[in-house]
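The values are calculated or read from the model by the stated rules, or taken from the named source; none is laboratory data. Since the structure is predicted, the reported quantities are computational estimates derived from the model, not experimental observations. Note that we place each Cβ from the backbone using ideal geometry, even for glycine, and neighbour counts take in every protein chain shown. These area figures cover heavy atoms from the full protein model, side chains too; ligands, DNA and RNA do not enter into them. Shrake-Rupley method; radii C 1.70, N 1.55, O 1.52, S 1.80 Å.
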Amino acid sequence: MRFTSLIIELIRARPRLMFWLVVSAQALLWVLVPLLVYSSPPEGVATVLAYGREYQVGSDLGPPLAFWLADIAFRAAGGHMVGVYLLAQVCFIITFYGLFQLARSMVGPQHAVIAVLLTSTVTAFAEQGAEFGPLVLARPLWALVLWHSWEIIGRGRRSAWFALSIEVGLLLLTTVAAPALLLLPIGFALSTARSRRALMSLDPLFSLLVVAVLVLPYGIWLLRADIFALPPLPALGDLGDRALLGAELFGGLLVAIGGMALLVLLNTSRFDPRPDDAPVVYRAPVDPLARQFVYFFALAPALLGAIVAGLFGLKHVIGGAGIALLMVGLAVVIATGDLIHLRRQRVLRAAWAALVAAPALAVIVASVVQPWVSQTELATSLPAKDIARYFGDSFERRTGRPLSAVAGDPELAGLIAMGASRPHLFLDATPSRTPWVTPATFNERGGVVVWRAADTAGRPPPELAMRFPDIVPELPRAFERMIAGRQPLLRIGWAIVRPKAAP
């Protein structure tokens, strides 16, 4: 009798249940890991919350939707980061739900689950998912855009136009890369006669109207801010460095799908001593247009995203790695054929579990072990609650008012801005980035200026002393990290700018 594991039987008999088990378990993992080992939010999340607290229509960081949702989740959780971590994992679940629905309409539910299992090993969906921001929020919207685009192009369902228009509008309100990303489905829709026929109705016009209504406030802000200009093109002498940057970004994408490549390699017949005993998962033949759709969106976002990012000197591919690699697992499933043999079942199961757990284990090891072997500081090791509580209470005791604004070191100021009174973040080195606080209003209403103290005297850095010439430094405050190890105490220099206006 052939041995078939329970997991494979679930894939064949209960694919939807298998999908929810896998996605829910991985989402739960990345809620628990940050709660257990992070004493402060990942890098950039505090700034996202500080910007979201202001509910601006737009900012230099881009469209506002991700910032607003982060602040809503933070407030709903009572000022605890668990709300933001849950929001990030809701985005993860919706992303994979959109992928599952798209794959199911093309290759059936059984092969769709296999595509989800492969895609869940991509490292871009692991620890980076806890760093909620525009890149994380863009992933579920992109997955839904692709799903409903296929519903219209491949299945002729006109009812999907309304959902697509909402998703496109929200994507435009999420990331500055949205216009470039949306050129891809538009280009594919215009490339074949069958997809062009789906556009021959009034539905696209009504959808454009819905999109325009959604993005109108942000569009007006863009016109007033006059920030339509693209980053400058590199000089001829810099083209080599930019090409190298693009190659590095594309290489990073290849590394991110290394786990998927390992699973495919382990499943080849070369490593199976009894190839005839492998269980088979069957699907109906795939629509040729669906095959083209999947291959296009598995390759184009990664290739073009790396090229454009390298050209303009960006730190990540256009839209982020989660968008660039979303369709790779489904592309592998389609390329495998109508029959997928699942060989070496125990090995595949153990390898998949290890690949999913490895990023979480790496985060735990880095948080626990690195303080003992290195003096390099992790952004998640700062005692955020203690820092925010101390400076908020100190200001209120000295002035009788809640802390209203904080300036100085951007990282420390962002953590203090998460405190109970939710003070405004003031980036004094670049005040145009935080228009809700000006130097005049900061001096009038008062606040706290913080910096990393280099000694026990706590003198401010020269550039900070120039911007705040009247401050009187207090004795530096030392904070202990959750795991100190070889790292010294965190010493923060600070000064109070007393309010001048009447209460």
Magnitude of the Cβ-charge dipole of region 1-100, K/R +1 and D/E -1, about the Cα centre, nearest 20 debye?
-> 580 debye
Sorted on mean Cβ neighbours within 10 Å (highest first), peptides 203-213, 104-114, 235-245 come out as 104-114, 203-213, 235-245
For region 113-200, what % of the accessible area comes from carbon and sulfur atoms, probe 1.4 Å?
-> 67 percent
With +1 on the Cβ of every Lys and Arg and -1 on the Cβ of every Asp and Glu, the dipole magnitude of region 421-484 about its Cα centre, in debye rounded to the nearest 20, is 220 debye
So for region 55-192, using the alpha carbon gyration tensor with a ≥ b ≥ c as root eigenvalues (a/c under 1.5 gives rounded; past that, a/b versus b/c decides prolate or oblate), I'd call it oblate
Top positive-direction residue, dipole computed over region 253-369 with Cβ charges, set Phe312, Leu299, Ile257 = Ile257
Any idea of Trp352's accessible area? Nearest 10 Å², probe 1.4 Å.
-> 60 Å²
State whether the chain is rounded, prolate or oblate according to the following rule on the C-alpha gyration tensor (a ≥ b ≥ c being the square roots of its eigenvalues): a/c under 1.5 gives rounded; otherwise a/b larger than b/c gives prolate, and the remaining case gives oblate.
-> prolate
What would the Debye formula give as log10 I(q)/I(0) at q = 0.10, 0.15, 0.22, 0.24 Å⁻¹ for the alpha-carbon point model of region 152-251, no solvent?
-> -0.43, -0.81, -1.13, -1.25
Positive-end residue of Met418, Pro439, Leu382, charge dipole of region 373-481 with Cβ unit charges = Met418
Taking the highest mean first, how do the peptides 383-391, 337-345 order by number of other beta carbon atoms within 10 angstrom per residue?
-> 383-391, 337-345
Can you give the extra length, in nm with one decimal, that the chain gains between Arg194 and Ala357 once fully stretched, where that is 0.36 nm per residue apart less the Cα-Cα distance?
-> 54.4 nm
Starting from the Cα-Cα distance between Glu480 and Ala420, subtract it from 0.36 nm times their residue separation and give me the gain in nm to one decimal.
-> 19.6 nm
What is the local net charge at Ala50, summed over the other residues whose Cβ is closer than 10 Å to its Cβ (Lys, Arg +1; Asp, Glu -1)?
-> 0
Per the Cauchy relation, a quarter of the hull surface: what is the mean projected area of the convex hull of the alpha carbons in region 1-91, in nm²?
-> 8.5 nm²
Lys, Arg +1 and Asp, Glu -1 on Cβ, resulting dipole of region 335-409 about Cα centre, debye, nearest 20 = 340 debye
Sort Tyr282, Tyr85 from largest to smallest accessible area, using a 1.4 Å probe on the heavy atoms of the protein chains.
-> Tyr282, Tyr85
Which value, in Å² and to the nearest 10, is the accessible area of Thr399 when all protein chains are kept and the probe is 1.4 Å?
-> 40 Å²
